[in-house]
Amino acid sequence: MPFTSVDGDRSLEECISLQQQELEVLDSIYPECIYRGNMNGIVKLEIPVELPETATLIIDGPNDASPAHALSPETVSPQTASISTLPPVLLEILLPASYPFCSPEILSVHATHSWFPFTSALQRKLLEMWQTGEEILYTWLECIRTGEFLDMFELSSAASGERVIRIPHAAPHLLLPLLTAYDKSTQLKTFCQNSYECQICLSSIKGARCILLSCSHVFCRACLENFWKLCIAEGDIGRVGCPDPQCVKALSEANEEEVRRVVTDEEVRRWKWLREKRMVEKDPTVVHCPMSFCQHPVPKAPNVEEGSGWERLRTCPQCSYSFCSYCKRTWHGPHTDCPISVTETFVREYLALPEDSPERAVMERRYGAKNIRRLVERYEEERANERWLEHSTTECPTCNVHVEKSFGCNHMTCAKCREHFCYRCGERLQASNPYVHFSTPGKRCFSKLFDFENIDDEWQPMEGFDAI
């Protein structure tokens, strides 16, 4: 190769050697980020952004939400998520033969999903970082990989000790799902590639055969499967969770997604049934759906004012049937009382229990103490009314209207249906001759058209009256 001067005493051969060394170093450290091929000095860098710690990502919509943009409030409103990685930034770089003693050329800058809006400005800032004779590719790669370039554009800040990244975008609601999906897939890929020590069998196992729980503890799938299956079979669902001592002490339980990843579908159904059964046993406000095909346990709605009519409302999460927890009928509103015939059995059961008994306390927690007291008062008032009607009135045999007699004869004519009846016995009377009922010997109301009360000492004879 002929000797050619570059910058006086530098040769092309030396430049090519330095380029080769730099590219080999990069290839050994980040083989997944660099691609050279046979492209005559063109190098492609695909650099994922790996943040040092989890950060809060805020994607801001455009400032101009004018009708011309036809943007809905959902489109313009900021979108927020927690992330630890961002999609790769692609750099296409041309290394001239005299590099690193002359500036490299950045042919293009592109962010996957176009999440970074300042690619042209980033291109200029990266070129400004280069100095004559300096190998710059590693510096560029690290600047982007660590997220340092975000600080150059004031997109990153610290708030209450937590890193916050704000990115402007025309459609935040479309960009956020793409970024969160990439972040989750990257974390899963990293987890599967690494090895972890199972805290049960103490073996080092690849992440692909392990389960990462929401508490960040890792166990091998086989150990966790055996443990959880045993707990579900024995009905001890409180232990279906992280076996780490700290989590056991905190009574931490696994969620449904974690359980489904470990045990069979049949065991998942049993686990869910046992959880519902435990909820019913622990929560005295739970009642069962009255629909015969459902019978699902229904808890009381949260944030309901105690003593209000809304405390009786239940909506079944299984069949969506809304009903009253007292009478079990279709929901009749908070101000409409249940039929007394329906609540009578319930109130009698409550009154039959001793005062201050645990059974009464359970019923008061389930239905509300104020509501129960109101039902008891209404029940006792109804019973008092019934006793008064029974002893002080007579019911019309036709329309069942109760009639109270203050004075007069026992021949009554109903003001509602005009029926003639006897006030003493309630028997219907002939409209043409109602008094035959009182003048027929042998009848129980014979000679009792009027009721007379014997009052002792009502009349006292005068002294010497017999001598007159």
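The values are calculated or read from the model by the stated rules, or taken from the named source; none is laboratory data. Predicted, not measured: the structure shown is a model, and the values here were computed from it. Note that each Cβ is placed from the backbone with ideal geometry, even for glycine, and that neighbours are counted across all protein chains shown. Ligands, DNA and RNA are stripped out before the accessible areas are found, and what is left, the full protein with its side chains, is counted by its heavy atoms. Shrake-Rupley method; radii C 1.70, N 1.55, O 1.52, S 1.80 Å.
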Note on the range 279-333: residues open to solvent by 60 Å² or more (accessible area, probe 1.4 Å) and in a helix (DSSP H, G or I) are 279, 281, 282, 310
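Could you please give the count of residues in the range 121-148 that are crowded, with 17+ Cβ neighbours inside 10 Å, closer than 27 Å to residue 80 by Cβ and in contact (Cβ under 8 Å) with a residue 60 or more places away in the chain?
At the first step, the residues of the range 121-148 found to be crowded, with 17+ Cβ neighbours inside 10 Å are 122, 126, 130, 135-137, 140-141, 143-145, 147.
Within this subset, residues satisfying the condition of being closer than 27 Å to residue 80 by Cβ are 122, 143-145, 147.
Those still in the list that are in contact (Cβ under 8 Å) with a residue 60 or more places away in the chain too: 144-145, 147.
Of the residues in that region, 3 qualify.
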Could you check, for the range 392-403, whether at least one of its residues is modelled with pLDDT under 90 and in contact with a Leu (Cβ under 7 Å, 6 or more places away or on another chain)? yes
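Collect the residues in the range 337-352 that are open to solvent by 70 Å² or more (accessible area, probe 1.4 Å) and not hydrophobic (A, V, I, L, M, F, W, C), keeping them in residue-number order.
Quick first cut of the range 337-352, residues open to solvent by 70 Å² or more (accessible area, probe 1.4 Å) only: 337, 341, 345, 348-349, 352.
Selection gives 337, 341, 345, 348, 349.
Which strands (runs of 3 or more DSSP E) does the range 89-172 wholly contain that include 3 or more residues that are over 25 Å from residue 19 (Cα atoms) and out of contact with any Gly (no Cβ under 9 Å at 6 or more places or on another chain)? Talk me through it step by step, then tell me what you get.
Working: elements: 105-111, 156-159, 162-168.
Fully inside the range 89-172 and qualifying: 156-159, 162-168.
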Selection over the range 44-91 where residues are under 16 Å from residue 144 (Cβ atoms), modelled with pLDDT of 90 or more and open to solvent by 50 Å² or more (accessible area, probe 1.4 Å) yields a count of 4
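Hey, can you tell me all the residues within the range 169-211 that are of a type in the set (Gly, Ala, Ser), in contact (Cβ under 8 Å) with a residue 24 or more places away in the chain and open to solvent by less than 50 Å² (accessible area, probe 1.4 Å)?
Residues of the range 169-211 of a type in the set (Gly, Ala, Ser): 170-171, 181, 185, 195, 203-204, 207-208.
Now narrow it down to the ones that are in contact (Cβ under 8 Å) with a residue 24 or more places away in the chain: 170-171.
If the condition is that a residue be of a type in the set (Gly, Ala, Ser), in contact (Cβ under 8 Å) with a residue 24 or more places away in the chain and open to solvent by less than 50 Å² (accessible area, probe 1.4 Å), then 171 is the only one that fits.
Select from the range 338-364 the residues that are of a type outside the set (Asp, Glu), within 33 Å of the chain's Cα centre (by Cα) and farther than 13 Å from residue 326 by Cα and list them in ascending order. Steps first, answer last, please.
Residues of the range 338-364 of a type outside the set (Asp, Glu): 338-343, 345-348, 350-354, 357-358, 360-363.
Cutting the leftovers down to within 33 Å of the chain's Cα centre (by Cα) gives us 338, 343, 346, 358, 360-363.
Matches in the range 338-364: 358, 360, 361, 362.
When you go through 360, 424 one by one, which is the residue that is surrounded by 13 or more Cβ atoms within 10 Å (Cβ to Cβ) and assigned to a loop (DSSP other than H, G, I, E, B)?
Details: 360 fails: assigned to a loop (DSSP other than H, G, I, E, B).
Being surrounded by 13 or more Cβ atoms within 10 Å (Cβ to Cβ) and assigned to a loop (DSSP other than H, G, I, E, B) holds for just one of 360, 424, which is 424.
Quick one: how many residues across the range 18-44 are assigned to a strand (DSSP E or B) and out of contact with any helix residue (DSSP H, G or I) (no Cβ under 6 Å at 6 or more places or on another chain)? Give the steps one after another, and end with the answer.
Initial filter on the range 18-44 (assigned to a strand (DSSP E or B)): 34-35, 42-44.
Okay, now just the ones that are also out of contact with any helix residue (DSSP H, G or I) (no Cβ under 6 Å at 6 or more places or on another chain), so 35, 42-44.
Total meeting the criteria: 4.
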Determine if the range 207-219 includes at least one residue that is modelled with pLDDT of 90 or more and in contact with a Ser or Thr (Cβ under 7 Å, 6 or more places away or on another chain). no
Could you list all residues from the range 212-247 that are over 15 Å from residue 267 (Cα atoms) and open to solvent by 80 Å² or more (accessible area, probe 1.4 Å)? 214, 216, 221, 245, 246
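Results for (1) β-branched (Val, Ile, Thr); (2) touching a helix residue (DSSP H, G or I) at 6+ places or on another chain (Cβ under 9 Å); (3) under 19 Å from residue 336 (Cα atoms); (4) modelled with pLDDT of 80 or more, shown as yes or no for each residue.
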| position | (1), (2), (3), (4) |
| --- | --- |
| 283 | no, yes, no, no |
| 294 | no, no, no, yes |
| 299 | no, yes, no, yes |
| 302 | no, no, no, no |
| 306 | no, yes, yes, no |
| 312 | no, yes, yes, yes |
| 318 | no, no, no, yes |
| 321 | no, no, yes, yes |
| 325 | no, yes, yes, yes |
I'd like the residue in the range 175-206 that is β-branched (Val, Ile, Thr) and under 30 Å from residue 114 (Cβ atoms) and, out of all such residues, is modelled with the highest pLDDT. 180
